[in-house]
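Step one of this worksheet: look at the structure below.
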Amino acid sequence: MNWTLEVVVVPVSDIDRAKEFYADRLGFVVDHDTRIGDDVRIVQLTPPGSGCSIVIGRGAVPDMPPGSLKGLQLVVPDVEKARAELVARGVEVSEIQVLGQNPRPVPQPLDNVGFVFFTDPDGNAWGVQQISSRG
């Protein structure tokens, strides 16, 4: 039996600002932006190539403090290219960091250990890891 992670709720203070950040700055696809009356809104966005989406909203999502989600991680085949794309889109992103070491030689030295980090406008923290075989 497969158990797939499909959605992660990301707590934000301003839905429109967060939607702009994730869609326009990060390039996530807006799957839907649903309003049910004045008190319920759900926006689902998916990173390109991902099987897991994020949801931002109010009313129909758990009540969590904005910016309290830490350690979300995206995986890319080329962290240098991903960092350059984030910078070009106006995202404040860390320099590439090497965390740990590979247990055996790999063709790409940054595979598994190359990361960059950024936060959304509320402070939810993301990491981006290079695993070239995922490309």
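Report, by residue number, each residue of segment 33-73 that is buried (at least 17 other Cβ atoms within 10 Å of the Cβ) and under 26 Å from VAL113 (Cβ atoms).
Across segment 33-73, the qualifying residues are PRO47, ILE54, LEU69.
Only one of (1) under 18 Å from the mean Cα position of the chain (by Cα); (2) surrounded by 12 or more Cβ atoms within 10 Å (Cβ to Cβ); (3) farther than 19 Å from VAL7 by Cβ is not met by GLU95, so which one is it?
Here GLU95 clears every test but (2).
So in segment 3-28, with the set limited to residues that are among the aliphatic types (A, V, I, L, M) and more than 16 Å from LEU69 (Cα to Cα), which one is most open to solvent (accessible area, probe 1.4 Å)?
Ranking the candidates gives LEU5 first.
Return the pairs, sorted by first residue and then second, in which the second residue is exposed (fewer than 13 other Cβ atoms within 10 Å of the Cβ), the first residue lies in segment 73-102 and is closer than 21 Å to SER53 by Cα, the beta carbons are less than 6 Å apart, and the residues are 6+ apart or on different chains.
Between residues of segment 73-102 that are closer than 21 Å to SER53 by Cα and residues that are exposed (fewer than 13 other Cβ atoms within 10 Å of the Cβ), the close pairs are VAL75/ARG134; PRO77/ARG134; PRO77/GLY135.
Residues in segment 84-123 that are closer than 26 Å to PRO65 by Cα and touching a Lys or Arg at 6+ places or on another chain (Cβ under 7 Å): how many?
Result for segment 84-123: 5.
In segment 118-129, is there at least one residue being under 17 Å from the mean Cα position of the chain (by Cα), among the acidic types (Asp, Glu), modelled with pLDDT of 95 or more and open to solvent by 20 Å² or more (accessible area, probe 1.4 Å)? Can you show your working first?
Of segment 118-129, the ones under 17 Å from the mean Cα position of the chain (by Cα) are 118-129.
With the extra rule that they be among the acidic types (Asp, Glu), the set shrinks to 120, 122.
Okay, now just the ones that are also modelled with pLDDT of 95 or more, so 120, 122.
Remaining after also requiring open to solvent by 20 Å² or more (accessible area, probe 1.4 Å): 122.
Taking every residue of segment 118-129 in turn, at least one turns out to be under 17 Å from the mean Cα position of the chain (by Cα), among the acidic types (Asp, Glu), modelled with pLDDT of 95 or more and open to solvent by 20 Å² or more (accessible area, probe 1.4 Å).
In segment 8-26, is there at least one residue being among the β-branched types (Val, Ile, Thr), under 19 Å from GLU92 (Cβ atoms), modelled with pLDDT of 95 or more and touching a strand residue (DSSP E or B) at 6+ places or on another chain (Cβ under 7 Å)?
Yes, because at least one residue in segment 8-26 is among the β-branched types (Val, Ile, Thr), under 19 Å from GLU92 (Cβ atoms), modelled with pLDDT of 95 or more and touching a strand residue (DSSP E or B) at 6+ places or on another chain (Cβ under 7 Å).
Which is of a type in the set (D, E, K, R) and either modelled with pLDDT under 95 or touching a helix residue (DSSP H, G or I) at 6+ places or on another chain (Cβ under 6 Å) (or both), of ASP38, ASP78?
ASP38
The values are calculated or read from the model by the stated rules, or taken from the named source; none is laboratory data. All values derive from a computational prediction rather than experimental measurement. Cβ: placed from backbone, ideal geometry, glycine included. Neighbour counts: every protein chain shown. Side chains included, ligands, DNA and RNA excluded: accessible areas come from the protein's heavy atoms. Shrake-Rupley method; radii C 1.70, N 1.55, O 1.52, S 1.80 Å.
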